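Visitor: Quick one: the structure is below, questions incoming.
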Amino acid sequence: MTAAEYRPTGAAPAAPDEAALCQGWALDAHQLEVFFALSRPLAEGELHDFDWLPCSIRGRLRAEGREWTFEVNAAATSIWRSGDETRLLGCDRRECETYVLLMPERTRD
């Protein structure tokens, strides 16, 4: 797992406060496991219910007998990739607030 990476897009300049917030964000293996367990698969179009931040943590995991790479965005989404398969997950449960920097406007209990 990598430290949080701050990668602003060319459309928006780097913001020092945002960069510092990102550098202070970290998840250990146990926290990632809980975050993934609280997350749910997102159907086509549901990603728009979540914001996006130029801050993410990347790593590898083993699930369902397969190796996956993952990227967790600080705005409560993650992408898993293994071979040709890609899974998009989001966490809109209040319990996820502990693990991310920005939650979606609508959350579930």
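Visitor: Where nothing but the Cβ of Lys and Arg (+1) and of Asp and Glu (-1) is charged, how large is the charge dipole of the chain around its Cα centre, in debye to the nearest 20?
Guide: I would put it at about 240 debye.
Visitor: Which angle between 0 and 90 degrees, to the nearest 10, do you get for helix 29-38 versus the longest principal axis of the chain when only C-alpha atoms count?
Guide: 80 degrees
Visitor: To continue, here is another question. Kindly work out what percent of the DSSP beta bridges joining two residues of the chain are antiparallel, to the nearest 5. Present the calculation step by step, with values, prior to reporting the outcome.
Guide: On the way: 23 of 24 bridges.
Restricted to the chain, the bridges split so that about 95 percent are antiparallel.
Visitor: Let me ask another. Counting only other residues whose beta carbon sits under 10 Å from that of residue 71, what net charge do I get with K and R as +1, D and E as -1? Intermediate values should be presented prior to the final figure.
Guide: Details: positive: 58, 81; negative: 5.
That sum, taken over residues with Cβ under 10 Å, equals +1.
Visitor: Along Cα→Cβ, 7 Å out, is where each label goes; now give me the distance between the ones at residue 3 and residue 51 in nm to one decimal.
Guide: 2.4 nm
Visitor: Taking θ = phi - 60°, what integer Hz values does the Karplus form 6.51 cos²θ - 1.76 cosθ + 1.60 yield along segment 43-48, in sequence order, with x for Gly and Pro?
Guide: 6, 3, x, 6, 4, 5
Visitor: Can you give the charge dipole size of segment 10-68 about its Cα centre, rounded to the nearest 20 debye, using +1 on the beta carbon of Lys and Arg and -1 on the beta carbon of Asp and Glu?
Guide: 300 debye
Visitor: Could you tell me which of 35, 9, 69 has its Cα farthest along the dipole of the chain towards the positive end, charges placed at Cβ (Lys, Arg +1; Asp, Glu -1), taken about the Cα centre?
Guide: Most positive-ward Cα: 69.
Visitor: Most exposed first by the Cβ proxy, i.e. fewest other Cβ within 10 Å, how do 57, 79 rank?
Guide: The fewest-first ordering by Cβ neighbours comes to 79, 57.
No value in this document is a laboratory result; all are computed from the given coordinates. All values reported here derive from a predicted model rather than from experimental measurement. Please note: Cβ atoms are built from the backbone with ideal geometry, for glycine as well, and neighbour counts cover all protein chains shown.
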